[in-house]
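Input: a single structure, listed below in structure tokens.
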């Protein structure tokens, strides 16, 4: 069973490997899939390039859900979304995949950088033990110590 620090470290490693999340404002609208841009210098922050006409561009309280590529790590993050068109940050995060969505480049008139500041998160990692896997295979009862790790955290900073 991993500790909170390891769960936080794993979150950022898993997101770097597969940066896709479902993000939505908590005003009742549905979440949409977005590609997170990670900046290791910005703790508790995810960035997303969106169109100015995107329904998330109005900002406000938001939630982001993440499932790792291997389906062994899950995160639900609560926070606040807002447009932050700091050109230095856009420069830092810009990449060829983003450019494919914004043909006008960094000066595309529809380009907006959505900043999602994380206030809290709930993290789960399924690091099931060999005993737990055998019990699952043969229909036995799995103890929580055999199934994985879970934490509710106020920060996703690794330290």
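Based on what the data block shows, is residue 84 surrounded by 11 or more Cβ atoms within 10 Å (Cβ to Cβ) and modelled with pLDDT of 95 or more?
yes
Would you be able to say whether some residue in region 4-19 is within 15 Å of residue 115 (Cα to Cα) and touching a strand residue (DSSP E or B) at 6+ places or on another chain (Cβ under 8 Å)? Outline the logic, then answer.
Taking region 4-19 first, the residues within 15 Å of residue 115 (Cα to Cα) are 19.
After this cut, where a residue has to be touching a strand residue (DSSP E or B) at 6+ places or on another chain (Cβ under 8 Å) as well, the list is 19.
Looking for residues that are within 15 Å of residue 115 (Cα to Cα) and touching a strand residue (DSSP E or B) at 6+ places or on another chain (Cβ under 8 Å), one finds at least one in region 4-19, hence yes.
What's the number of the condition residue 70 fails, among (1) touching a strand residue (DSSP E or B) at 6+ places or on another chain (Cβ under 9 Å); (2) within 19 Å of residue 12 (Cβ to Cβ)?
Looking at each condition in turn, residue 70 falls short on (1).
Just to verify a result, which residue in region 20-31, among those that are loosely packed, with under 15 Cβ neighbours inside 10 Å and in contact with a strand residue (DSSP E or B) (Cβ under 8 Å, 6 or more places away or on another chain), is farthest from residue 59 (Cα to Cα)? Full working, then the answer.
Kept after step one, since they are loosely packed, with under 15 Cβ neighbours inside 10 Å, are these residues of region 20-31: 20, 26-30.
After this cut, where a residue has to be in contact with a strand residue (DSSP E or B) (Cβ under 8 Å, 6 or more places away or on another chain) as well, the list is 20, 26-27, 30.
Values: 20: 19, 26: 10, 27: 10, 30: 14 Å.
Filtering region 20-31 for residues that are loosely packed, with under 15 Cβ neighbours inside 10 Å and in contact with a strand residue (DSSP E or B) (Cβ under 8 Å, 6 or more places away or on another chain), the one farthest from residue 59 (Cα to Cα) comes out as 20.
Would you check if residue 59 is modelled with pLDDT of 95 or more, at positive phi and surrounded by 14 or more Cβ atoms within 10 Å (Cβ to Cβ)? So that I can check it myself, show each step before the final result.
Numbers: modelled with pLDDT of 95 or more: yes; at positive phi: yes; surrounded by 14 or more Cβ atoms within 10 Å (Cβ to Cβ): yes.
It is true that residue 59 is modelled with pLDDT of 95 or more, at positive phi and surrounded by 14 or more Cβ atoms within 10 Å (Cβ to Cβ).
The rows are residues; the columns are (1) surrounded by fewer than 14 Cβ atoms within 10 Å (Cβ to Cβ); (2) over 20 Å from residue 14 (Cα atoms); (3) modelled with pLDDT of 95 or more.
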{"site": "42", "(1), (2), (3)": "no, no, no"}
{"site": "45", "(1), (2), (3)": "no, no, yes"}
{"site": "88", "(1), (2), (3)": "yes, yes, yes"}
{"site": "94", "(1), (2), (3)": "no, yes, yes"}
{"site": "101", "(1), (2), (3)": "yes, yes, no"}
{"site": "116", "(1), (2), (3)": "no, no, yes"}
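Suppose we filter 120, 68 for residues that are at pLDDT below 95, within 14 Å of the chain's Cα centre (by Cα) and buried (at least 16 other Cβ atoms within 10 Å of the Cβ); which single one remains?
Values: 120 fails: buried (at least 16 other Cβ atoms within 10 Å of the Cβ).
None of the other options fit; the residue is 68.
Out of (1) under 15 Å from residue 112 (Cβ atoms); (2) in contact with a helix residue (DSSP H, G or I) (Cβ under 8 Å, 6 or more places away or on another chain); (3) surrounded by 15 or more Cβ atoms within 10 Å (Cβ to Cβ), the odd one out for residue 73 is which?
Failing condition for residue 73: (1).
The values are calculated or read from the model by the stated rules, or taken from the named source; none is laboratory data. Small disclaimer: the values here were computed from a predicted structure and weren't measured. Glycine also receives a Cβ, built like all others from the backbone with ideal geometry; neighbour counts cover every protein chain displayed.
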